[in-house]
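Values in this text are rule-based calculations from the coordinates and carry no lab data. Predicted, not measured: the structure shown is a model, and the values here were computed from it. Glycine gets a Cβ as well: all are built from the backbone with ideal geometry, and neighbour counts include every protein chain shown.
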Amino acid sequence: MHSALQQQAWRFLDTSRASGYENMAIDEAIYISCQQGTSPPTLRLYGWQPPAVSLGYFQKAEAAVDLQACRRLGIDVVRRLTGGRAVVHNRELTYAVIAPEYASPFSPRVLETYMTIGACLMKALKSLGLNVQWVGARDKHRSAPSVKNDTASCFSAPSWFEITVDGKKICGSAQKRGNGVFLQHGSILIEHDPELLAAVLISRKSKEAFVKEIADSTTSINHHLGYKVDVSELQERVLTGFEDTLGITFSRGSLTESETKLKDRLRREKYQSTAWNLSREVPFTKAFTNSSCRLPVKEVRYVSRRS
C-alpha cells in the first residue's frame with residue numbers, strides 16, 4: 001500500500017469555515033480514507049464558524065474548559081483526534097496534512113515530519129515579512145516549568161521546534177499516526193484575544209495572571225504586520241510554502257463521495273456527541289463495524305507538539 005500511495009498526486013482542499021464538529025469530522029474522514037488507500041495525500045486549509053474550543057484527545061473536559069462560559073459566549077466544544085492541550089479557534093487559519101508515513105518527501109519519524117511541515121509554514125510566514133524562528137530545546141527549558149500544569153491552553157508556552165515571532169508562539173500543531181498514515185493539524189493565528197482564552201479555559205492562576213501569561217507567550221500575524229491580512233492571500237502563501245519547500249504541485253480538489261459520507265457519519269455519531277467531547281467515549285465498533293466506511297479499531301499512537 002505504501003508504494004502505491006507514494007505515487008499519488010497531492011491534493012489541496014480549501015473547505016472554508018465550518019463548525020468544530022464538521023472540521024474534526026473532515027480531518028478524521030480523510031485520515032481514515034487515506035489509511036484505507038482510497039484518498040490521496042492531502043493538504044487542507046480551513047477556518048471555524050462559530051468559534052470553538054478543541055480539547056486534546058487525553059484532556060479532561062472539566063479540568064480544561066469552562067463549559068458554562070462557552071455556552072454563554074456561543075463557543076462550541078469539540079474533542080480532537082490528536083493529543084495536546086486546548087485551543088480556542090477563532091481568528092486563525094488552520095491547516096491539516098494527511099498522508100502515508102512514507103509519502104515522499106516525508107519520513108516515518110515523528111519529529112522529522114513535524115519539522116518538514118514547520119519549514120513549509122515558516123516559508124509562508126516569512127513571505128509576509130515576519131521574523132519567524134524555531135523554538136530550540138534550550139529555549140523551551142528557559143520557559144516557566146509550571147506552565148504546563150497550571151493552564152489548559154496550548155498557547156501558554158511554545159514547545160520544542162514550534163514557530164515563534166520575536167519569541168512568541170504564532171502556530172501550534174499536533175500529530176497522530178496509525179496504520180501507516182499520519183495526520184498533523186495546527187492553528188496559524190491571524191489575531192488572538194487573551195481575554196477570550198482566559199474566559200473559557202481553566203487555569204490555576206488568577207484571571208489577570210492568565211491573561212498576562214497568554215499575552216506574553218502568544219502573538220498573531222496581524223499584530224506584527226500592522227494591518228489585517230487577507231485570508232485568501234494567507235492561504236495562497238501557505239500553499240506556495242508547501243509547494244516550494246516540498247517540491248511538489250498540489251491539485252485543487254474536493255472531498256470524494258465516500259469521504260463526504262464518512263464525514264457526515266463521524267460528525268453525527270461522534271463529534272456532535274457529548275459522550276465523545278466531554279468523556280472521550282464513543283461506540284466505535286458498534287457504530288461503524290458494519291459500515292462500508294469502517295473505522296479502524298486498532299489503537300494508534302498519539303503525538304502532540306501542542307504542549
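Brief remarks follow.
- Simple spin-label estimate for ASP216 and ARG109 gives 3.5 nm between the two label positions (7 Å along the Cα-to-Cβ direction from each Cα).
- Among the listed pairs LYS205/LYS228; LYS126/LYS168; LYS176/LYS207; LYS126/LYS228; LYS176/LYS270; LYS123/LYS261, those whose Cα-Cα separation exceeds 23 Å are LYS205/LYS228; LYS176/LYS207; LYS123/LYS261.
- Note on ALA209 and LEU128: with the Förster distance fixed at 25 Å, the Cβ-Cβ geometry gives a FRET efficiency of about 0.20.
- Hits among aspartates and glutamates - C-alpha to C-alpha of LYS263 under 13 Å, sequence gap 8 or more where chains match: GLU22, ASP27, GLU28
- Using 0.36 nm per residue and subtracting the Cα-Cα separation, the extra length available between ASN179 and GLN68 on full extension is 36.2 nm.
- Excluding same-chain neighbours fewer than eight residues apart, the aspartates and glutamates reachable from LYS60 by a Cα-Cα span under 19 Å are ASP76, ASP150, GLU281.
- Linear extension gain, ARG252 paired with SER279, 0.36 nm per residue minus alpha-carbon span: 6.0 nm
- Between GLU236 and ALA9, the distance separating the two model label sites (each 7 Å from Cα on the Cα→Cβ line) works out to 2.1 nm.
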